[in-house]
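Peer 1: Quick one: the structure is below, questions incoming.
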Amino acid sequence: MPSQTDDVETSEDRPDVAALDSGADRTVFTEDGNRDGWISTDVTVDLRR
């Protein structure tokens, strides 16, 4: 039976993502090492931790 810790992601497993402001109302998210993939949005929200 696998333990619960087997499924835990470490920060090394997650891609590095940058949020860049490309204009007053637009944010572009890029993944480190992935030149072909990006997401652009007109609406972003601040995360509460």
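The values are calculated or read from the model by the stated rules, or taken from the named source; none is laboratory data. Not measured: the values here are computed from a predicted model. No Cβ is skipped: glycine too gets one built from the backbone with ideal geometry, and neighbour counts run over all protein chains shown.
Peer 1: Determine if segment 23-38 includes at least one residue that is out of contact with any Pro (no Cβ under 8 Å at 6 or more places or on another chain), among the hydroxyl-bearing types (Ser, Thr, Tyr) and at pLDDT 80 or above.
Peer 2: Checking segment 23-38: at least one residue is out of contact with any Pro (no Cβ under 8 Å at 6 or more places or on another chain), among the hydroxyl-bearing types (Ser, Thr, Tyr) and at pLDDT 80 or above.
Peer 1: Among the strands (runs of 3 or more DSSP E) confined wholly to segment 9-49, which include 1 or more residues that are among the acidic types (Asp, Glu)?
Peer 2: Here the list reads 17-23, 26-31.
Peer 1: State all residues of segment 11-49 that are surrounded by 10 or more Cβ atoms within 10 Å (Cβ to Cβ) and among the basic types (Lys, Arg); if no residue qualifies, say none.
Peer 2: Matches in segment 11-49: Arg26 only.
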